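Bear in mind that the values in this text are calculations on the coordinates, not laboratory data. Only a predicted model underlies this, so the values are computations on that prediction, with no experimental measurement involved. Cβ coordinates were reconstructed from backbone atoms using ideal geometry, including for glycine residues, and neighbour counts include every protein chain displayed.
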Amino acid sequence: MSAGVRTTCPYCGVGCGVRVEHDDDGVRILGDPAHPANLGRLCSKGAALGETLALEGRLLAPRIAGRETGWDEALERVARAFGESIARHGPESVAFYLSGQLLTEDYYVANKLMKGFIGGANIDTNSRLCMASAVVAHQRAFGEDVVPVRYQDLLEADLVVLVGSNLAWCHPVLYRRLAEEKARRPGLAVVVIDPRRTATCEIADLHLALAPGSDAWLFNGLLCDLERRGAADRRFLEEHTVGVAAALAAARASAAEPAEVARRCALPMESVQRFFATFAAAERVVTLFSQGVNQSTSGVDKGSAIINCHLYTGRLGKPGCGPFSITGQPNAMGGREVGGLATALAAHRRLEEPEDRAAVQAFWGSPRIASRPGLKAVDLFEAVHDGRVKALWIAGTNPVVSLPDADRARAALRRCEFVVVADCFPDTDTAALAQVLLPAAAWGEKSGTVTNSERCLSRQRAFLPLPGAARPDWWMFCELARRLGFDAHFAYADVHQIFAEHARLAHGAPGRVLDLGALADLDAAAYDALEPLHWPVGAGAPFADARYAHRDGRARLVPVEPRAPACAPDAQFPWVLNTGRVRDQWHTMTRTARSARLNRHSPLPYLDVHVDDAAELGIAAGELVSVRSRIGVLVAPARLGTDSARGQVFAPMHWSDAFASGARVGAAIPAAVDPLSGEPEFKHAPVRLERTAVDWYAFALLRGRIEPVPAFWWARVPAQGFSRYELAGTGRPEWSSLARQWLAPSAEQDWMEYRDESRGIYRAAAVSEDRLEGVLFVACTPQSPSRGWLEERMTDGRLAPGDRRCLLNGAPLAQGFEEGPIVCSCFGVGRDALKVGIAAYGLVTARQVGARLRAGTNCGSCLPEIQALLDGQS
Amino acid sequence: MSDRHAWQRVCRWQDILPESGVCARVGERQIAVFRAGEHVFALDNLDPCSGANVLARGIVGELRGELVVASPIYKQHFSLRSGRCLESPRHSVRAYPARVLDGSVWVRARRRLVVVGNGIAGLRVVEELLAIAPQAYDVVVFGAEPHWGYDRSLLSPVLAGETEAEAIELHPRSWYVEHGITLHAGDPVVAIDRGRRTVRSANGVTVGYDRLLLATGSHPVRLDIPGAQLPGVVSFRNLGDLGAMLDAIRPQGRAVVVGGGVLGVEAAAGLRLRGMSVTLVHRHAQLMDRHLDEEAGRLLAASLRARGIDLRLEATVDAVLGATAACGVRTSQDESLAAELVVTAIGIRPNADLARSAGLRCERGILVDDTMQSFDPAIYAVGECIQHRNTTFGMVAPLWEQGRVCAVHLAEVGVSRYVERVRPVQLKVSGLEVFSVGRIAAAQGREVLTLRDARRGVYKRLVLEQDRLVGALLVGDVQDAPWYLDLLQVGRPVTDLRSTLIFGPGATPAAAGAR
Ligand SMILES: Cc1cc2nc3c(=O)[nH]c(=O)nc-3n(C[C@H](O)[C@H](O)[C@H](O)COP(=O)(O)OP(=O)(O)OC[C@H]3O[C@@H](n4cnc5c(N)ncnc54)[C@H](O)[C@@H]3O)c2cc1C
Ligand code: SF4
């Protein structure tokens, strides 16, 4: 076993430290006890990281139009496309669309290239879809995008309010730490504010299932209530803030009375009052908010409404207090630090401030500097669609799945003159639309830094060699820069040099909390050995001194006028579609779906429907439902329950065309965005539900792939050594030949089939050398045989002796029916069958046995044995 | 009914002391009448061991759960019910019907039952009768074959060398003796005088009967083609045929089996196992066409071919070749097949010759009603010789029930009617499991479930009608046959079992629950 490498989990914004050890069986993934984010814990996704490392299915060489080629040709091609577009149509005709999963160094280089050398600001990221609203809310309140809370604060609070966050599934380790703390200290109150009952509610003392999108009324109401109770921190407000009067006025105008709040939020009056009272009474409060708040056309205002309450009571900058926007992605924060957003410049310097621009340009020594904000994600794809942006570089993200109005995003890429995608996998929905594919290094192969949700900067370290021609993203951007003629400014030998430059830049900006100056002089070895640390480096907690980055040093309370979601449900689209994550998948599943273990938790896309709504619509569990919005359709099997309120449905966001048909929630979500942050309204799309009439439902387990899938609907679940498909469709396919095609590519395989034609049932299984190679089960309705037993057979090496007989049953037979020596050979009745029969029918004499089970009625030579069985059972 | 067989009052109930006996005279005989608990019994008074008329003075008691009287001389125990001697069955005595009515004890002389046919059906009636009314009849059995009764259906395993010829005997000689049954083996009955109620045998034995049971079985259908009479042409019906076949077996021997039904297939498989080269000639495209569907027929054919049996399907035999003995056959496909042994298995025909000549109503077989009675109330018939509600029989299973029903009526101990039920067919060739029952063809209103597993050689076909199982065909895996048969015969709706029906009883929700 090697000494082990300490690195960071590449999934959620908790940013857990990971220890990787190599042993004979491959790598072992362990939590890093020394990392402050997780103190040794890992969630299921993190723990399964080892299962996502296989090179199977990886993109390992550049491709042009599907043809593999070398880096030179590919990069030449990219550089030519970008160069020509810039020359002919200006710097705004090109764009980078990046990912919150890139490392800070990747981001830094891309941002520098775009803003300082190409000269535009069309560089945006999928973080836009995640916490852009919080960024703006922070900037409005504090003058800088600073998260003024650390995980430790949650554990020191008297009250944790979780707004629009399914922490249990989306940030499992942090949730566990909170749950453990609550178990230790029951006085720690937890309030969950979420239209949906989620796993997080398990630790909640109070769950407010408010009407979707009504958060701002609730927090405005809270502000009024705090005022009524005299809970203001007068001194703090006077000395360190502005805008309290206007904020209060706006709050009063919209939510003066708890009764009004209850009405607006569709909550019981007691719940509202209990929440207000709890909030007022708790000395230390953390309000953690996430996508449920951010992904809204009024996401910035909702964030502000929350921050207002903290400012009003002076509850921030102190232990156990503060508004806490938690990020979804592992390095959204890093991207924000370097300015990797169309609306930022670099290192928390502002694009709109001439001094900041001058300072950055001087630092970079760049020929130009972007002077106005670039296109935010949704606008960017709109510009791609209408041809303003002609060359687009997409790195580490799958916008065709994750953007709202995803079909339009797809159409945009189809129309785009030049799309280059850098990814680890060639088969993402987005990669399919690229002219040039660049093989990116994956987690485990990359080195650099990330910053998690609590501003904790930690190293990601490589522990695997770069496979094939894969390269880190920063290298690709440097190569592009070189080919565009800026090589002198991008001659980085390694990530350390990039980081050092970034740290130098992130220093000395007046009033900014972000200051990495202390890290600028790390040498390569020190950088390599860097322990996790929080910024501001070497200073106290942000805002402990109550100094803010606005010029006057004061924080702002922002008046919030609550707005309903952009699209209201109406007669035509009466339901509200909500979206989110499931526990064991990450984003569009390009990585997590490679882990059979992770696929077990929630293997299929689904639509949560309230049982009563389902009954009204005639939808049975497992049946396909089409969810139609004004712009598109999403199809998924129904899961009936009561987690979603009546009139609301929930669909997980992860599924892409690579794993299911018509399950991209993005396709049904209109591209309505927050006017300030540009963040889309993912949590509130008016839709219409319909039971989808299909003629058959099927599932298949097989070693290969079904391509193309001849079904109206399908989903693929990668599993250990095989794939599971769920399918549904119309018509009467010739199952037997399909099954042969899918399950038994080689002739030696042997074959079994079951049919019940009038019920539309068809089942087949292929076996080779006692190994199950695949099954296909078809029926007219969603099928009951659990896939579990068959899946185990697919994973197990060999079929056990009794297995074969029950393969098409999809479940083992009851004890006694499988084997057992034959007793009555005339009628082929086995001993165990006799035993079961004797017991089942209460048989006493051999004659009765004969009459019931036939045994012994022909030659009778087995009668003594039958008698012995009878004697033995009595 | 003659006086001889009328119930006769012998004494009053209280004339007999509890748990003891008295002697009475019935016709010519001395009869010992016993009182045991609430019941009366009657036995011959003559003790066969001592030759003295003493049994009435014996002590009544119980031995091994049976009411007995102990002979006062040598202390042997005789069953009060059947007269059987527990120590030495050879020395059993006769029992007589006895009953208590209006405070009096009545005894009746035994009547005579003559059974024609020493096969399964006839003997089954006797067995049942012995079980329910051992005192009722003196039984005389005539058998045309020179053997003790044997189970014909086990000829196939004997041919295949899987069963010893001795093992197929239905009862040992001693059984007849112990039960006082007179057997005339190798002596067929040639005439019935229904007026006098006598039968006459080929050897000239004439026996009177009170009841006559015809169980004469069936004739194999013979080929009606040139050469069919030649030595070397045998059917597959009895031990004689079997002997002829076994005699014909020699290394490099060649046989042709004509007829691809159950019997033909078993004959072919058996001969092949004995090392013969075998060609099976079958009229239809599909073997066992009455019981299998096309696919099962294909599987069966493939499996026979795999055993080295040549098949000629959609072919008949037009002639048996040979001058003094068979040396081959010519088929309708104009092919000559060399063979020293030609086995015909082209069907059976009820053997109603004797009944017909006695003027009993016959069609294809002897017509019987639901009690197995023929048109002559003194004559019953069971087995392959009968025609019941337009059905004739070719298998063992229905005979069990016919035997039971017939015995109940002969014993006059209740009512019972024979109801024809769906009967399964099963091939007795080891490694070639085939089970078929009911209606297996597809038709309007029928639903068909199939399961195939080629490598295991398994094919299952279940046919439902109105949610009830009406047919089942199992090839290669017949373990669940009894279950299907039960479902089919009981006629229970299988709605709740439908989804797992083909996987057998072990897959039912109830069984799965017990798992
Ligand atoms: C080779 C073979 C294999 C078989 N396998 C099976 C099987 O697997 N399963 C199954 O269910 N069935 C099987 N059968 C059929 C089964 O054996 C018969 O259905 C059954 O034996 C019929 O019984 P039975 O008593 O009616 O007729 P038989 O068994 O034919 O008995 C009738 C007897 O009466 C005698 N007899 C005829 N006329 C006279 C007369 N005038 N006087 C005195 N005696 C007379 C005959 O010689 C014969 O011995 C098989 C039959 C054969 C030949
Ligand atoms: S909580 Fe987040 S960062 Fe931690 S292991 Fe899980 S996915 Fe990774």
Completion exercise
Correct semi-axes for region A:211-282, from √(5λ) of the alpha-carbon gyration tensor and rounded to whole Å with the largest first, are 22, 14, 9
Exercise for the section: Could you state the angle between the C-alpha long axis of helix A:172-184 and the longest principal axis of the C-alpha atoms of chain A, as a value from 0 to 90 degrees rounded to the nearest 10? Expected result: 90 degrees
Handout entry: Cleavage-rule hits (GluC sites (Glu not before Pro)) in region B:380-463: DSSP loop, at most 10 neighbouring Cβ within 10 angstrom
Key = B:Glu412
Exercise for the section: Scale the Cα Rg of region B:424-515 by the rule-of-thumb value 2.2 N^0.38 Å and send over the ratio, two decimals. Expected result: 1.05
Completion exercise
From fewest to most C-beta neighbours within 10 Å, the residues A:Phe236, A:Phe275 line up as A:Phe236, A:Phe275
Practice task
Work out how much length B:Ser357 to B:Leu313 would gain on full extension: take 0.36 nm times their residue separation and subtract the Cα-Cα distance, in nm to one decimal.
Solution key: 11.9 nm
Handout entry: Dimensions (Å) - region B:1-148, Cα atoms, principal axes, largest first
Key = 50, 36, 27
Handout entry: Distance from region B:2-74 to region B:345-370 (C-alpha centre basis), Å
Key = 43 Å
Handout entry: Pairwise FRET efficiency - B:Glu294 versus A:Gln273, Cβ, R0 = 56 Å, nearest 0.05
Key = 0.10
Exercise for the section: Provide the gained length on full extension for the span B:Ala167 to B:Arg389, in nm with one decimal, where the gain is 0.36 nm per separating residue minus the Cα-Cα distance. Expected result: 76.5 nm
Practice task
Apply 1/(1 + (r/R0)^6) to the Cβ-Cβ distance of A:Val242 and A:Phe363, taking R0 = 41 Å, and write down the FRET efficiency to the nearest 0.05.
Solution key: 0.80
Exercise for the section: Work the Kirkwood hydrodynamic radius out for chain B: mean of 1/r over every pair of different alpha-carbon atoms, inverted, in Å. Expected result: 25.9 Å
Exercise for the section: Quick one: dipole size for region B:357-515, taken about the Cα centre, charges +1 on Lys/Arg Cβ and -1 on Asp/Glu Cβ, in debye to the nearest 20. Expected result: 560 debye
Exercise for the section: Could you tell me what % of all Cα pairs in the protein assembly as shown have separations over 64 Å? Expected result: 39 percent
Problem - Debye equation applied to the C-alpha atoms of region A:98-151, log10 I(q)/I(0) at 0.14, 0.26 Å⁻¹ - result: -0.47, -1.08
Exercise for the section: Would you work out the relative contact order for chain A, in percent, from Cα pairs under 8 angstrom that are 6 or more residues apart? Expected result: 14 percent
Completion exercise
Asserting the computed 222 nm helical MRE of chain A (DSSP H runs at least 4 long, -39500 (n - 2.57) per run, divided by residue count, to nearest 500) equals -8500 deg cm²/dmol
Practice task
Find the centroid of the Cα atoms in region B:111-152 and in region A:83-124, then give the distance between the two in whole Å.
Solution key: 105 Å
Problem - Dipole magnitude (debye, nearest 20) for chain A, charges at Cβ of Lys, Arg, Asp, Glu - result: 800 debye
Completion exercise
Under 5 Å from the placed amide H of A:Thr579, counting only residues 5+ away or on other chains, we find A:Ala651
Completion exercise
Cα convex hull volume per residue for region A:185-309, in Å³, equals 111 Å³
Completion exercise
Among GluC sites (Glu not before Pro) in region B:234-317, those in a DSSP loop whose Cβ has at most 15 other Cβ atoms within 10 Å are B:Glu314
Practice task
Treating the Cα atoms of region B:94-202 as identical point scatterers in vacuum, please give the log10 of the normalised Debye intensity I(q)/I(0) at q = 0.12, 0.16, 0.21, 0.22 Å⁻¹, two decimals.
Solution key: -0.52, -0.81, -1.14, -1.20
Problem - Average other protein chain Cβ within 10 Å of Cβ, residues B:472-480 - result: 3
Completion exercise
One can check that the equivalent ellipsoid of region B:358-515, built from the alpha-carbon gyration tensor with semi-axes equal to the square roots of five times its eigenvalues, has lengths in Å, largest first, of 36, 17, 15
Handout entry: Neighbour cut-off at most 13 other Cβ (10 Å), DSSP loop, trypsin sites (Lys or Arg not before Pro), region A:718-801
Key = A:Arg798
Problem - region B:373-435 - Rg over Rh from alpha carbon coordinates, Kirkwood radius - result: 1.08
Problem - Computed P(r) (all Cα pairs; region A:627-723; 5 Å bins; percent) - result: 2, 11, 19, 21, 18, 13, 9, 5, 2, 1
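Semi-axes of region A:429-571's equivalent ellipsoid from the Cα gyration tensor, sqrt of 5 times each eigenvalue, largest first, rounded to whole Å?
Semi-axes, largest first: 34, 28, 16 Å.
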Problem - Residue mean of other protein chain beta carbons inside 10 Å, A:756-762 - result: 4
Handout entry: Of A:Ala739, A:Ile631, A:Ala711, farthest towards positive along the dipole that unit charges on Lys, Arg, Asp, Glu beta carbons give region A:625-777
Key = A:Ile631
Practice task
Just grab the label-to-label distance for A:Arg482 and A:Ala411, each label 7 Å out from Cα along the Cβ direction, in nm (one decimal).
Solution key: 4.1 nm
Handout entry: Between region A:704-727 and region A:612-645, the alpha-carbon center distance in angstrom
Key = 22 Å
Exercise for the section: Would you work out which of B:Ile59, B:Gly504, B:Leu487 lies farthest towards the positive end of the dipole of chain B, given +1 charges on the beta-carbon of Lys and Arg and -1 on that of Asp and Glu, about the Cα centre? Expected result: B:Ile59
Exercise for the section: Work out how much length B:Thr324 to B:Ala52 would gain on full extension: take 0.36 nm times their residue separation and subtract the Cα-Cα distance, in nm to one decimal. Expected result: 91.6 nm
Handout entry: Residues of type lysines that B:Lys460 reaches as a straight line, Cα spacing below 19 Å, ignoring anything fewer than 8 places off in the same chain
Key = B:Lys428
Problem - Options A:Cys43, A:Pro186, B:Ile346, ranked by Cα towards positive dipole end of the protein assembly as shown, top entry (Cβ charges) - result: B:Ile346
Practice task
Return the distance in nm (one decimal) between the two label points of a simple spin-label model at A:Glu792 and A:Ala525, each offset 7 Å from Cα along Cα→Cβ.
Solution key: 5.5 nm
Handout entry: R0 of 35 Å, Cβ-Cβ distance A:Asp871-B:Val100: FRET efficiency to nearest 0.05
Key = 0.40
Exercise for the section: Using a 10 Å Cβ count of at most 15 others and DSSP loop calls, identify the longest part of chain B lacking such chymotrypsin sites (Phe, Trp or Tyr not before Pro). Expected result: B:75-374
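Based on the Cα coordinates of region A:414-455, what is the per residue volume of their convex hull in Å³?
Roughly 120 Å³ of hull volume per residue.
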Handout entry: nm² value of the averaged projected area, convex hull over the Cα atoms of region A:1-67
Key = 6.1 nm²
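Dipole magnitude of region B:219-299 about its Cα centre, charges +1 at Lys/Arg Cβ and -1 at Asp/Glu Cβ only, in debye to the nearest 20?
280 debye
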Problem - Hz values of 3J(HN,Hα) by residue in region A:632-643 - Karplus curve (6.51, -1.76, 1.60), Gly and Pro given as x - result: x, 10, 10, 10, 7, x, 7, 10, 9, x, 10, 5
Practice task
Could you pull the Rg and Dmax for region B:166-247, using just the Cα atoms, both in Å?
Solution key: 17.0, 49
